[in-house]
C-alpha cells in the first residue's frame with residue numbers, strides 16, 4: 001500500500017465557530033464551583049455534627065468520619081478560593097463560548113425533557129422520541145432516517161432488556177396496551 | 001465473548017465513549033448472566049475498548065481514548081505517508097504484547113499477594129486503603145487541593161445513607177430515596193457517560209481521515225521486524241505494569257514510555273514524523289498498564305484505575321467481594337477471569353486485524369445519531385441498577401458535575417476510587433478501633449502495618465518532602 005488510501009469524511013452540519021464571545025471565564029466558574037462545594041461541605045458538616053461526632057469507647061460515632069472529611073473538603077475549597085483571589089495562578093481563559101454553550105444545551109435540554117417525559121410515557125417511548133427528535137432537529141438528518149433509526153433502536157432495546165434479559169424498565173401506557 | 005469484544009471495540013472507536021463509560025453503561029446487560037460469563041463479557045469490553053482507541057488515533061488523528069493521545073504523534077504521520085496498515089498492525093501487536101506481559105504478571109503474582117493479604121486484619125486493610133488515597137494525592141499530576149476536593153467529596157458521598165457499623169442514618173435529610181445511599185455505578189454513568197456527551201458536543205465534530213485495509217503481507221512484515229524493537233517493547237511493558245499497579249494509570253504510562261523511547265533512540269528527530277517505535281512504545285505501555293490495573297483489584301480489592309473500579313463495582317453486584325478471600329472462596333471464578341484475559345487478547349487481536357475497515361466506517365455515522373442512543377443506554381443502565389427513577393435524576397446531576405469538574409480540571413478518578421473504597425475504609429478503621437479500644441497506636445502495632453502507614457504518610461507529604469530534599473541537596 002504505497003499510495004495514500006481513500007479518505008473517510010464525516011460532516012458536522014453546524015460546528016461551532018472559533019470566534020465566539022466567551023460566556024463565562026474559567027476563573028469565574030472555578031470560583032463558583034468551589035463556593036458551591038464549600039456550601040455542600042458545610043451542610044454535610046452540620047448534619048454530621050447533629051448525628052454525633054464524638055469518640056465513644058468503641059471508636060468513633062457515625063458522624064465522626066464524614067464530619068472531618070467535610071472539614072477537609074471545606075479547607076481545600078477555601079484554599080482554592082484564596083489562591084484564586086490572592087494570586088494569579090489560575091488560568092483565565094474562557095470556560096465556554098456562546099456557541100459552545102448553545103451546543104451543550106442542545107444535548108442537555110433534550111436529555112432533561114427525556115427524563116421528564118419518561119415519568120409518564122415510560123422509558124422506551126421516551127427513548128424513541130429522544131432519538132428521532134434529536135436526529136431530525138439537531139442533526140438535521142432526513143426525517144424518515146431519523147424515525148426508522150429511533151424505532152429500530154427502541155424496539156431492539158425493548159427486546160433485549162424486557163424480553164430476553166428480564167431487566168424491568170419503567171413502562172407507560174403504550175406497553176400496557178401491548179400487554180406488557 | 002465475541003459480543004463483548006465487538007461492543008468494546010465499538011466503544012473504543014466512538015469518541016464520546018471510553019473504557020470506563022462503556023463498561024458502566026453495558027453493566028446492566030450482564031446482571032442476569034452468571035457471574036463468570038458476565039465478568040468475561042465485561043473484561044472483553046475492556047480489551048475491546050483498549051484496542052479500539054488506537055484505530056481513531058492512527059486513521060483520524062483523534063484519540064478515541066486519552067491514553068491513545070501519544071499514539072497519534074507517530075501513528076497519524078504514518079497514515080499520511082500511506083503506511084496506515086503498518087501503523088495499525090504495530091499498534092495492535094504491541095497492545096497484545098503489553099497486555100500479555102501484564103496478564104502473565106497477574107497469573108503469577110496475584111495468588112501470592114492474595115495469600116499474603118489473607119493474614120491482614122482490619123488495621124492492615126485500613127493502612128492499605130490509606131496508602132491508596134495518599135498516593136493519589138502525593139503522586140497525582142493535578143493540583144493537590146483539587147485532588148483532595150475530589151477525593152473528600154467521593155468519601156462523603158459514599159457515606160450517605162445508613163451507617164454500616166451502627167445502623168444510624170446520616171446525611172439523608174429525611175429523604176427516603178437517599179436511605180439506600182448514592183450508588184457508585186449511577187454516579188459513574190453520570191460522571192463519565194453523560195458528561196462526556198456534553199463535552200464532545202462542544203467540540204468540532206467534523207472529521208477527515210484515512211481508510212485502511214490490513215493485508216496479511218503487511219502483518220507478517222511488521223511481525224518479522226518485531227524482534228528488532230524488543231528493548232522498546234520490554235521497557236514499555238515494564239513501565240506500563242508499574243504504573244498500572246500503582247495508581248498512575250494508562251495515560252501517564254503511554255506518555256512516559258513514548259518519551260523514554262525517544263530519549264534512548266539514536267535518531268531522535270525522526271520521532272513525530274511517522275516512526276514505528278513511536279507507535280510501539282505508547283501502545284504497549286497503555287495496555288500493560290490497563291491490564292495490570294486489575295492485579296491489585298483482584299488480590300487486594302483495590303482498583304488500580306477507573307475502569308477497574310467499575311469492574312469491582314460489578315463484582316459487588318453479584319455478591320462477590322474482591323480481595324484476598326476471592327481466591328479462596330471463588331477459585332473457579334478468578335481463574336475463569338484470568339483465562340478469559342488470555343483468550344480475549346488473542347481473539348481481540350485477530351478481530352481488530354480483520355475488521356478495521358468496518359470499524360473505521362462506524363465513524364461515518366453522524367454524532368447526532370449516536371449521542372441520543374448513548375443517553376438512552378446511560379438511562380437504562382442507571383435505572384437497572386436499583387430499579388429507581390431517582391437514580392436517573394442523580395445520573396443527570398452527576399453528568400453536570402462531571403462536565404464542570406472536567407473543564408476546571410478537578411480530576412474524577414479520585415472521586416470514583418473514593419466512592420468504591422469509602423465505606424470499606426471506614427469500616428476497617430472502625431473495626432480496628434473496636435479491636436484496639438480506640439487506640440490509634442494500633443496502626444503502628446506491628447512491623448507490617450506500621451511500615452504501610454508510614455509509607456502512606458510519606459507519600460501524602462511527598463511534594464513537600466521532595467521540595468525540602470531538593471533544597472538540601474542544592475546546598
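Summary of computed values
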quantity	calculated
Residues of the range A:120-130 that turn out to be more than 7 Å from every other protein chain (Cβ to nearest Cβ), in a helix (DSSP H, G or I) and under 12 Å from residue B:379 (Cβ atoms), as a count	2
Some residue of the range A:150-173 being touching a strand residue (DSSP E or B) at 6+ places or on another chain (Cβ under 9 Å) and either at pLDDT 85 or above or surrounded by fewer than 17 Cβ atoms within 10 Å (Cβ to Cβ) (or both)	yes
Enumeration of residues in the range B:70-104 that are in contact (Cβ under 8 Å) with a residue 60 or more places away in the chain and surrounded by fewer than 19 Cβ atoms within 10 Å (Cβ to Cβ)	B:80, B:81
Single residue of B:148, B:189, B:214 found to be modelled with pLDDT under 75 and in contact with a helix residue (DSSP H, G or I) (Cβ under 7 Å, 6 or more places away or on another chain)	B:214
Meets criteria (at positive phi, out of contact with any strand residue (DSSP E or B) (no Cβ under 7 Å at 6 or more places or on another chain) and part of a loop (DSSP other than H, G, I, E, B)) for residue B:120	no
Qualifying residue in the range A:151-165 (condition: facing chain B (nearest Cβ under 8 Å), more than 25 Å from residue B:201 (Cβ to Cβ) and assigned to a helix (DSSP H, G or I))	yes
Options A:135, A:169: the member that is within 30 Å of residue B:407 (Cβ to Cβ), at the interface with chain B (Cβ under 8 Å from one of its Cβ atoms) and either in a helix (DSSP H, G or I) or touching a residue at least 12 places away in the same chain (Cβ under 8 Å) (or both)	A:135
Selection count where residues are surrounded by 14 or more Cβ atoms within 10 Å (Cβ to Cβ) and in contact with a helix residue (DSSP H, G or I) (Cβ under 8 Å, 6 or more places away or on another chain), scope the range B:331-351	14
Close pairs (9 angstrom Cβ cut-off, 6 or more residues apart or separate chains): over 18 Å from residue B:91 (Cα atoms) in the range B:252-266, outside any helix (DSSP H, G or I) anywhere	B:265/B:271; B:265/B:275
3 or more residues free of Cβ contacts under 8 Å to residues at least 40 places away in the same chain: qualifying helices (runs of 4 or more DSSP H) within the range B:338-447	B:367-386, B:389-407
Boolean, residue B:260 is in a helix (DSSP H, G or I), farther than 24 Å from residue B:107 by Cβ and modelled with pLDDT of 75 or more	yes
Residue in the range A:79-93 that is modelled with pLDDT of 80 or more, facing chain B (nearest Cβ under 9 Å), in a helix (DSSP H, G or I) and within 30 Å of residue B:424 (Cα to Cα) present	yes
Qualifying residue in the range B:431-450 (condition: surrounded by 22 or more Cβ atoms within 10 Å (Cβ to Cβ), within 19 Å of residue B:159 (Cβ to Cβ) and more than 25 Å from the chain's Cα centre (by Cα))	yes
Residue that is away from chain A (no Cβ under 14 Å) and either in a helix (DSSP H, G or I) or at pLDDT 80 or above (or both), where the choices are B:131, B:29, B:88	B:131
Looking only at the range A:134-147, and only at residues there that are surrounded by 13 or more Cβ atoms within 10 Å (Cβ to Cβ) and more than 24 Å from the chain's Cα centre (by Cα), the one that is modelled with the highest pLDDT	A:147
Any chance residue B:469 is touching a helix residue (DSSP H, G or I) at 6+ places or on another chain (Cβ under 7 Å) and in a helix (DSSP H, G or I)	no
Count of the range B:367-424 residues which are over 26 Å from residue A:129 (Cβ atoms), buried (at least 23 other Cβ atoms within 10 Å of the Cβ) and at the interface with chain A (Cβ under 10 Å from one of its Cβ atoms)	3
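The values are calculated or read from the model by the stated rules, or taken from the named source; none is laboratory data. Please read these numbers as outputs of a predicted model, since none were measured by experiment. Note that we place each Cβ from the backbone using ideal geometry, even for glycine, and neighbour counts take in every protein chain shown.
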